[in-house]
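Read the structure below first, then the notes.
The values are calculated or read from the model by the stated rules, or taken from the named source; none is laboratory data. Predicted, not measured: the structure shown is a model, and the values here were computed from it. Heads up, the Cβs are rebuilt from the backbone with ideal geometry, glycines too, and the neighbour counts pull from every protein chain shown. The protein model used for the area step is the full one, side chains on, heavy atoms only, and it has no ligands, DNA or RNA in it. Shrake-Rupley method; radii C 1.70, N 1.55, O 1.52, S 1.80 Å.
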Amino acid sequence: MWVFVQMGLWIWSAVAVIFFQACDGQSVFNPPPMVITVGVVVNGSAKIAETYENFICATLDWWPPEKCDYGRCSWIQSSILNLDLKNPSFAKAIQAFAPLKVRLGGTLQDKLLYDVGNLSQPCHPFMRNTSLMFGFSKGCLTMSRWDEVNRFLAKTGAMVMFGLNALYGRYQITKGHWGGAWDSSNARNLIQYTVDHGYKIYAWEYGNELSGSGIGARVDANVYASDIIELNKILKEIYKHSHEKPLLVAPDGFFDPSWFQAILQETGPNILNAVTRHIYNLGAGVDKNLTTKILNPSHLNKDAIKFRRMQDIVRKYGPWSSSWVGEAGGAFNSGQHLVSDAFINSFWYLDQLGMSATFDTKVYCRQSLIGGNYALLNVTTFEPNPDYYSALLWHRLMGRTVLSNDFTGPTFLRSYAHCAKSDSGITLLLINLNGDTSIDVNVSAYPNITESKKGQTAKESFVHALKKFFSWAGSKTSDVKDYRMEYHLTAKDGDLHGQTMLLNGAILKLTEDGDIPPLNAVMVDATLPISVAPFSIVFVSLPGISVPACS
């Protein structure tokens, strides 16, 4: 009997390997990759961290078409000021998240004026001027455009976060070091206008990359803290009759432990709702070694140190606050074409999402939704790049509760576990950074309880979930057995630098009506190992595993 079982498993594994090789465009006659077996054990006794319900966030930036890096102008018409808000595919891409957090901000936000109230200086569009900070003049947000942006984002159901100008009224003391008092009048007028017109803002953010040594400009922590206190007073006053009050978020800069600690200590309890940092840990967009860094586990692990330090600072000096990633594009200066916007980048991006969540990060904002080489959407066609689908799968499958998991195996396997987003059980994210080895993963959990709080056994909960799935798919449930749902992501033709992603062997592309395609799982016998092909990513929904942390 054991021989037959072993033969069955071997045949199934061989078929799976051939299937995924064929889907990747490789010859089915090529020698199969080496296969190793790994056991992943999920500790479901208690959560190790928790994200917000809507963890995924993406940014819209201010960069005009003249923004170019290394001879490539990748922003085109993707600025908040000129973006085509009538494109139906754009709206549908946001609506698919139901909802998506959208941050409006970026490098030029501290040079942006709002054409409202008694503005003390002319309000002109951004103009290219290489002698000025960031290579551009001050820019202007008209209220007619602000109206258009708010109406569009409200239609899509987005949760809007807006980054305010923190340099208005200030002057440069020495090169890069800014001082003087912040003039809050322009920000106040914009906030008042926003409230008067009934526009809903999830969070107001203060400043961009002014922390620590800054990028282009910096402001001392004690000065910055006093500004946050002032902004908090403004928000309390303007929103005093509102049922829903926005969050106050800062500093949206690069992590400097002493600087971040100082603003929490200086502002005090219940002022700052979230502390945000930026991440570009792959280096410059022109770097020829980006692919090597993305596939190097040691390089990916480096940021865990900063995540942990950020978590410790918030816990110790601001337990009323929370830790967010306010902007992360991987490679700075707009990223790199056919890396940041290709399949290869999902290894970095999903690993970042998984790692950040384990350190109690509540929100993770990707730079950008559209614009630059690191965009989730193509800047001209608005069609999704591979990372868009990675983000959408995370959003739909990975719940708030983060679980620890352990395995003894190769470092090129990355593993993250959460409670399932909408059904019972857990969801596992598996990332294989190796191109020569397939990994068979056996999953177990402890303690794996058999009774739910409602008195329903784990198997009954599992069968219920399957019935929902088959009901949706139009299939019969009479032959339901113990299955799990798998979502295998691979590159078309095995081209890691291609911009076409496959889900379970099928190309992901917009429908004829411009809709986001369905992200369907394959059903697999739960007693079989999870086969993670070389250079692939797998989300696995395991409704049959019931743990206390997810009850």
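Here are some notes:
- For the range 313-336, a tally of residues being assigned to a loop (DSSP other than H, G, I, E, B) and open to solvent by 60 Å² or more (accessible area, probe 1.4 Å) returns 3.
- Selection from the range 354-387 of residues that are among the aromatic types (Phe, Trp, Tyr), buried (at least 24 other Cβ atoms within 10 Å of the Cβ) and not in a strand (DSSP E or B): TYR374
- Matching residues in the range 530-550 - criterion: being within 26 Å of the chain's Cα centre (by Cα) and farther than 30 Å from ALA491 by Cα: ALA549, CYS550
- Output for the range 198-241, where each listed residue is in a helix (DSSP H, G or I) and among the aliphatic types (A, V, I, L, M): ALA221, VAL223, ALA225, ILE228, ILE229, LEU231, ILE234, LEU235, ILE238
- Flag for ASN189 being part of a helix (DSSP H, G or I) and either at pLDDT 95 or above or touching a helix residue (DSSP H, G or I) at 6+ places or on another chain (Cβ under 7 Å) (or both): yes
- Condition broken by HIS241, with the remaining ones in (1) open to solvent by 10 Å² or more (accessible area, probe 1.4 Å); (2) of a type outside the set (Gly, Ala, Ser); (3) touching a strand residue (DSSP E or B) at 6+ places or on another chain (Cβ under 7 Å) satisfied: (3)
- ASP61 open to solvent by 10 Å² or more (accessible area, probe 1.4 Å), charged (D, E, K, R) and touching a residue at least 40 places away in the same chain (Cβ under 8 Å): no
- Number of residues in the range 133-157 that are over 30 Å from ALA93 (Cβ atoms) and in contact (Cβ under 8 Å) with a residue 40 or more places away in the chain equals 1.
- Looking at the range 248-307, the helices (runs of 4 or more DSSP H) lying wholly inside it that each contain 2 or more residues that are among the hydrophobic types (A, V, I, L, M, F, W, C) and under 30 Å from LEU231 (Cβ atoms) sit at 257-267.
- Applying the criterion of being of a type in the set (Asp, Glu) and over 27 Å from HIS337 (Cβ atoms) to the residues of the range 492-525, the residue that is most open to solvent (accessible area, probe 1.4 Å) is GLU512.
- Any hit, the range 78-86, residues being loosely packed, with under 14 Cβ neighbours inside 10 Å and either out of contact with any Cys (no Cβ under 7 Å at 6 or more places or on another chain) or of a type in the set (Lys, Arg) (or both): yes
- Checked against the criteria, VAL339 does not count as in a strand (DSSP E or B), within 20 Å of LEU377 (Cβ to Cβ) and open to solvent by less than 10 Å² (accessible area, probe 1.4 Å).
- SER346 being within 21 Å of THR292 (Cα to Cα), open to solvent by less than 10 Å² (accessible area, probe 1.4 Å), of a type in the set (Ser, Thr, Tyr) and in contact (Cβ under 8 Å) with a residue 24 or more places away in the chain: yes
- Which listed residue, of ALA98, ALA154, is within 24 Å of LEU350 (Cα to Cα), at pLDDT 95 or above, open to solvent by 30 Å² or more (accessible area, probe 1.4 Å) and not in a strand (DSSP E or B): ALA98
- Just one residue in the set HIS243, HIS177 is of a type outside the set (A, V, I, L, M, F, W, C) and modelled with pLDDT under 95; that residue is HIS243.
- Scanning the range 255-312 for residues that are of a type in the set (Lys, Arg) and open to solvent by 80 Å² or more (accessible area, probe 1.4 Å) yields LYS288, LYS302, LYS306, ARG308, ARG309.
- Note on the range 399-418: among residues that are hydrophobic (A, V, I, L, M, F, W, C) and open to solvent by 10 Å² or more (accessible area, probe 1.4 Å), the one that is farthest from LEU496 (Cα to Cα) is PHE407.
- Listed conditions (1) touching an Asp or Glu at 6+ places or on another chain (Cβ under 6 Å); (2) modelled with pLDDT under 95; (3) not charged (D, E, K, R) are all met by VAL249, apart from (2).
- Of all the listed residues (VAL195, VAL160), the sole one being β-branched (Val, Ile, Thr), in a strand (DSSP E or B) and touching a residue at least 24 places away in the same chain (Cβ under 8 Å) is VAL160.
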